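Quick notes on the structure that follows.
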Amino acid sequence: MAHESLYRKYRPSSFDEVIGQEQVTRPLAEALRAGKVGHAYLFSGSRGLGKTSVARIFAREINRGRYDEHDVHEIDAASSNSVEDVRALAEGVYTLPFGSDYKVYILDEVHMLSKAAWNAFLKTLEEPPGHAVFILATTELERVPETVQSRCQVFEFKKPNRAELAAVVTNVAKKEGYTLHADAADLVARLADGSYRDALSILQRALVPLQGASDAIGVSKKNPAALSREDVEKLTGAPARELVHTLVAALAKGERGAALAAIEKAAQSGADMELFLEFLIETLRAVLLIRYAPEMRAAFKNELGEDEYVALEKIANEKGITHNVLLVFLTASERIRYAPIQALPLELAVLELFSETTEK
């Protein structure tokens, strides 16, 4: 039997279980308590933040705890985006609820509606029957017409920071019977790029080998298996932190050959070089801020962990990393997506830095 995905298993079922979106859940809960349910809501935010989950919770709560599939209609606007689809929706709106107080229409990826479909939908949105509630969800708010936005209560879902996301995956791993080291949780959060759903999907992929070995090694909640950062790197294909540190150290010491060798080793390891460059830029930024912003050191020590902080502090003391180094690699990040060889923009950045040194 297939295992249930973690993001489905830990999907919130009440407003109290929704993490980090109080600016959305609080006013919705207050509207319910006051009996002031609007006819149209627009949820916006990047993927994996819980827009659909909150829409389902709200749909159930406005119907006094019931989620009747006859009266809650979930529509994927990415595939049902034609005028005919919207007209069919508009006709169905006027039939009375089957066994609930409201008929709720959840339209996901609503920005995918065609222009003609928007025009057909607008009339229904302007004058819906009293028993109809629309909840529109989008990852691209700017593509939703202003005429539609002005007729909805708009709620913006915010992306969690890395610390918040790391706390979530650490807690889920614990519930699953595993220990997630702090730097491993940070890497999962970094790879997820602010998405709760992606974070749990990455965690699940990283846990697969441990899950397979759990019975053999006697894993239990009292004796949990541990997942290190190195484990996550191997199981997700993320660049090894040591290679990033090796490159930064070489740049700090002015060692061109060692810098180019570090890039080649990363490429040969099969690392995604675009992600490697992102990690490099993030590390260069940390080095500069550790050097020039002492008031931020405590925050960095907490975020990076003791071992990585000590390594970067040592590099920061060498003075070899300057704002120009960071700028050169930022320029490389603009080119890497279109480069025929992924490592090439990084190699050119190194050569540019050392050619400037030679000229001086």
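Out of the residues in region 115-138 meeting the condition of being out of contact with any helix residue (DSSP H, G or I) (no Cβ under 7 Å at 6 or more places or on another chain) and of a type outside the set (Lys, Arg), tell me which one is farthest from Asp68 (Cα to Cα).
That would be Asn119.
Would you confirm whether or not region 330-338 contains a residue that is touching a residue at least 60 places away in the same chain (Cβ under 8 Å), assigned by TED's automatic domain parsing to the domain that holds Ala258 and either assigned to a helix (DSSP H, G or I) or under 21 Å from Ala262 (Cα atoms) (or both)?
Yes: one or more hits.
Would you mind stating whether Ile62 is surrounded by 15 or more Cβ atoms within 10 Å (Cβ to Cβ), under 19 Å from Thr138 (Cα atoms) and touching a Phe, Trp or Tyr at 6+ places or on another chain (Cβ under 7 Å)?
Here the answer is no, as Ile62 does not meet what is asked.
Does Leu210 fit the bill of being surrounded by 15 or more Cβ atoms within 10 Å (Cβ to Cβ) and modelled with pLDDT under 90? Before the answer, list the steps.
Numbers: surrounded by 15 or more Cβ atoms within 10 Å (Cβ to Cβ): yes; modelled with pLDDT under 90: yes.
So Leu210 fits the description; yes.
Of (1) in contact with a Lys or Arg (Cβ under 8 Å, 6 or more places away or on another chain); (2) surrounded by fewer than 20 Cβ atoms within 10 Å (Cβ to Cβ), Lys234 satisfies all except one. Which?
With respect to (1) in contact with a Lys or Arg (Cβ under 8 Å, 6 or more places away or on another chain); (2) surrounded by fewer than 20 Cβ atoms within 10 Å (Cβ to Cβ), Lys234 is out only on (1).
For region 127-160, give me each residue that is touching a residue at least 12 places away in the same chain (Cβ under 8 Å) and of a type in the set (S, T, N, Q).
Thr138, Thr139, Thr147, Gln149, Gln153
Being part of a loop (DSSP other than H, G, I, E, B) and free of Cβ contacts under 8 Å to residues at least 12 places away in the same chain is the filter here; which residues of region 255-275 pass it? Step through it out loud before you land on a result.
Initially, region 255-275 is screened for residues part of a loop (DSSP other than H, G, I, E, B), giving 255, 269-272.
Correct list: Glu255 only.
For every residue, the table says whether it meets (1) in contact with a His (Cβ under 9 Å, 6 or more places away or on another chain); (2) under 29 Å from Glu282 (Cα atoms).
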{"residue": "Glu140", "(1), (2)": "yes, yes"}
{"residue": "Thr147", "(1), (2)": "no, no"}
{"residue": "Lys158", "(1), (2)": "no, yes"}
{"residue": "Ala163", "(1), (2)": "no, yes"}
{"residue": "Val169", "(1), (2)": "no, yes"}
{"residue": "Ala173", "(1), (2)": "no, yes"}
{"residue": "Gly194", "(1), (2)": "no, yes"}
{"residue": "Leu200", "(1), (2)": "no, yes"}
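For region 277-289, check the following and say yes or no: at least one residue is polar (S, T, N, Q) and under 27 Å from Ala185 (Cα atoms).
yes
Looking only at region 250-263, how many residues end up being in contact with an Asp or Glu (Cβ under 8 Å, 6 or more places away or on another chain) and surrounded by 15 or more Cβ atoms within 10 Å (Cβ to Cβ)?
Of the residues in region 250-263, 3 are in contact with an Asp or Glu (Cβ under 8 Å, 6 or more places away or on another chain) and surrounded by 15 or more Cβ atoms within 10 Å (Cβ to Cβ).
Looking at (1) within 24 Å of Gly20 (Cβ to Cβ); (2) β-branched (Val, Ile, Thr); (3) touching a Leu at 6+ places or on another chain (Cβ under 9 Å); (4) not in a strand (DSSP E or B), which is the one condition that is false for Thr52?
Only one criterion is unmet by Thr52, namely (3).
Considering each of Arg47, Arg66, Arg87 in turn, give the residue that is under 30 Å from Ala199 (Cβ atoms) and out of contact with any Pro (no Cβ under 6 Å at 6 or more places or on another chain).
Exactly one residue qualifies, and that residue is Arg47.
Would you mind telling me which numbered condition in (1) within 30 Å of Leu187 (Cα to Cα); (2) out of contact with any Ser or Thr (no Cβ under 8 Å at 6 or more places or on another chain); (3) buried (at least 21 other Cβ atoms within 10 Å of the Cβ) Lys158 fails?
Checking Lys158 against (1) within 30 Å of Leu187 (Cα to Cα); (2) out of contact with any Ser or Thr (no Cβ under 8 Å at 6 or more places or on another chain); (3) buried (at least 21 other Cβ atoms within 10 Å of the Cβ), the one that fails is (3).
For region 82-126, give me each residue that is over 26 Å from the mean Cα position of the chain (by Cα), surrounded by 18 or more Cβ atoms within 10 Å (Cβ to Cβ) and without any contact (Cβ under 8 Å) to a residue 60 or more places away in the chain.
Scanning region 82-126 gives Asp85, Val86, Leu89, Ser100, Lys103, Val104, Ala117, Trp118, Ala120, Phe121, Thr124.
Please find, within region 264-286, the residue that is modelled with the highest pLDDT out of those that are among the aliphatic types (A, V, I, L, M) and surrounded by fewer than 24 Cβ atoms within 10 Å (Cβ to Cβ).
Here the answer is Ile281.
Would you confirm, using the coordinates I've provided, whether Asn324 is more than 26 Å from the chain's Cα centre (by Cα) and either outside any helix (DSSP H, G or I) or exposed (fewer than 14 other Cβ atoms within 10 Å of the Cβ) (or both)?
Yes: the conditions hold for Asn324.
Take the conditions over 21 Å from Ile263 (Cβ atoms), part of a helix (DSSP H, G or I), in contact (Cβ under 8 Å) with a residue 12 or more places away in the chain and assigned by TED's automatic domain parsing to the domain that holds Ala252 and apply them to Glu303. Does it pass?
Here the answer is yes, as Glu303 does meet what is asked.
The values are calculated or read from the model by the stated rules, or taken from the named source; none is laboratory data. Bear in mind the structure is a predicted one, so any value in this text is a computation, not a measurement. We place every Cβ from the backbone using ideal geometry, glycine too, and count neighbours over all the protein chains shown.
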